[in-house]
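**Q** Take this structure, written in structure tokens, and hold onto it; I'll ask about it next.
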Amino acid sequence: MYQVYPRSFADGDGDGVGDLLGVLNRLPYLQDLGVDAIWFTPWYPSPMADGGYDVADYRAIDPVFGDLRLAEEVITTASRLGIRTIVDVVPNHVSDQHRWFQEALAAAPGSPERQRFWFRPGVGPDGALPPNGWQSNFGGPAWSRTTDADGNPGEWYLHLFAPGQPDLNWGCPVVRAEFEDVLRFWFDRGVAGVRIDSAALLVKDPSLPELREKLGPGEHPYVDRDELQDVYRSWRQIADEYGDRALVGEIWLPDVERFGRYLRPDVLHTAFNFDFLTCAWDVDRLRRSIETTLAVHEQVGAPATWVLANHDVTRPATRYGRSDTSFAFERKRFGTPTDLDLGLRRARAAALLSMALPGSVYVYQGDELGLPEVEDLPLDQLEDPMHERSGGIDPGRDGCRVPLPWSGQEPPYGFSAPLLGAGAAPTWLPQPLSWNGISVQAQQGDVGSTLSLYREALRLRREHPDLGDGRLRWLTASETDVEGVLAFRRGPSLVSVTNLRPGPVDLPAHHRVLLSSAPLEGGRLPADTTVWLDAPTT
């Protein structure tokens, strides 16, 4: 699965913002890379209060990206190239510009229009305080107050994210019916599945209680409510009506047993593995994450997923070069020291490790180039609400959303098609001057490049009978004769070894090296390197 962030993948009309024409023109690149499916982050009309996750119309395409006809052409052309399309659906909230919310603002308290959302009177004198103390995921209160037609303060509305993203009330039958129709709309247009944003947040406790310090499973007032299972069972029935369609959940849950409930045969097909994504570059933590993931998925008969990055998190080539190689939103800060050479070396090793594991692999656009996080964007060009709502402490997520470099020696590096009679417009986020050496063009003919590593790994993953689905068996101490490595066998002949020790280690017995994330040193596996070996069992 290859994730496309449309604003930053490729620009086909020269305005500096990525679009679907750009994607259409670059589909051969994705075919050559070896991807099976594209996951598009939201391409719907949006004021962009949160990078497109504030949707104003789920059945249209934002004019910045193109139109519905062009989206259908992308879906059809990709399918002819053997690439399926996954679209993002955002069911927890809509844009404050969505027709429903505008109707709600114009309607009276208690009206059917307001029942689609969480409108409540405030507390305290004149209702001046929010209905409860819930906090937004982007910082600050999760409630904003409306202004009535007469200019007086009105009711408050709930938004677990930005104020421009009012939460929907999933206890309202009209909301459920609307999204079931949205699923059918896109399935009818040939998409192979949907990725469900913030999938564990939809249902709220209607009493809107304050958060307690200690909560048992299913007791959180707006995370992982038991009623969610029924919502997704109805979605699964719709997907099954269309045959081969997939439901993919974005589910951040620390409780692996609760996580597994979403993957039962009549609920979702698969979900993102955030435990693996956020895991530190540490042999014990990685092994524990892999073992837990495989065990949970095996219990429910669902395929595991392996994710190193997405449009929300620090790019691996940067994160793995820090003293703290794990990821957590609350720890993001400006000026964190980073060894980019070490980070890229580990990111390449992590990519090969993830592709050797049983299940599905997700690649975020640009990680196949080894792109680092851009951490020196001008403050006045940052758009992510996480930066603003943190009071400027959090650098936000724009650094992993900078437009891709395709070719050339200077920005926009082939990202934008030149306008008629003029050069290409500046990209919506500025690209670093240092990216000329890591563009697609610069890496094409270099067998040692990160792009070449990804292409070869994906080719082997597709063609080698031991990779993809199946089981994993950890090598014993006698087989590896060293601690501090992740070594496992896939099938009868392929062995993957990742060295997380500070120095080189000997390889287990093998016939030949299939692929390595870095050159071997005298036949030994260097630190922070993964190798795939042809090692048939005797």
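**Q** So which of GLY423, GLY396 is of a type in the set (Gly, Ala, Ser) and surrounded by 12 or more Cβ atoms within 10 Å (Cβ to Cβ)?
**A** Unique residue meeting the criteria: GLY396.
**Q** Of all residues in region 440-485, count the ones that are hydrophobic (A, V, I, L, M, F, W, C), buried (at least 18 other Cβ atoms within 10 Å of the Cβ) and within 23 Å of ALA304 (Cβ to Cβ).
**A** Going through region 440-485 one residue at a time, the tally reaches 7.
**Q** Same structure, new question: Any residue in region 44-56 that's on the phi > 0 side of the Ramachandran plot: show its pairings with residues that are open to solvent by less than 10 Å² (accessible area, probe 1.4 Å) and in a loop (DSSP other than H, G, I, E, B) at Cβ separation under 6 Å, as long as the two are six or more apart or on different chains.
**A** Once the first residue is on the phi > 0 side of the Ramachandran plot and sits in region 44-56, its partners that are open to solvent by less than 10 Å² (accessible area, probe 1.4 Å) and in a loop (DSSP other than H, G, I, E, B) give GLY52/PRO42.
**Q** Name the residues in region 508-538 that are within 18 Å of ALA350 (Cα to Cα), open to solvent by less than 30 Å² (accessible area, probe 1.4 Å), hydrophobic (A, V, I, L, M, F, W, C) and assigned to a loop (DSSP other than H, G, I, E, B), would you?
**A** ALA518, ALA527, listed by residue number.
**Q** Looking at region 428-439 only, could you name the residues that are touching a residue at least 40 places away in the same chain (Cβ under 8 Å) and open to solvent by 20 Å² or more (accessible area, probe 1.4 Å)?
**A** Passing the criteria: TRP428, PRO430, PRO432, ILE438.
**Q** Provide a single number: the residues in region 83-104 that are surrounded by fewer than 20 Cβ atoms within 10 Å (Cβ to Cβ) and either part of a helix (DSSP H, G or I) or among the charged types (D, E, K, R) (or both).
**A** 4
**Q** Taking the criterion of being open to solvent by less than 10 Å² (accessible area, probe 1.4 Å), among the polar types (S, T, N, Q) and either closer than 25 Å to GLN102 by Cα or part of a loop (DSSP other than H, G, I, E, B) (or both), would at least one residue in region 45-59 satisfy it?
**A** No, because not a single residue in region 45-59 is open to solvent by less than 10 Å² (accessible area, probe 1.4 Å), among the polar types (S, T, N, Q) and either closer than 25 Å to GLN102 by Cα or part of a loop (DSSP other than H, G, I, E, B) (or both).
**Q** List pairs: first in region 341-364 and of a type outside the set (S, T, N, Q), second in a strand (DSSP E or B) and open to solvent by 10 Å² or more (accessible area, probe 1.4 Å), Cβ under 6 Å, 6+ apart or cross-chain?
**A** Qualifying pairs under 6 Å: MET355/VAL361.
**Q** Identify all residues within region 114-126 that are of a type outside the set (Val, Ile, Thr), surrounded by fewer than 19 Cβ atoms within 10 Å (Cβ to Cβ) and under 19 Å from PRO206 (Cα atoms); write none if there are none.
**A** GLN115, ARG120, PRO121, GLY122
The values are calculated or read from the model by the stated rules, or taken from the named source; none is laboratory data. Everything numeric in this text was worked out from a predicted model, so none of it was measured. As a convention, Cβ positions derive from the backbone with ideal geometry for all residues, glycine included, and neighbour counts pool all protein chains shown. Note: areas computed on protein heavy atoms with side chains; ligands, DNA, RNA excluded. Shrake-Rupley method; radii C 1.70, N 1.55, O 1.52, S 1.80 Å.
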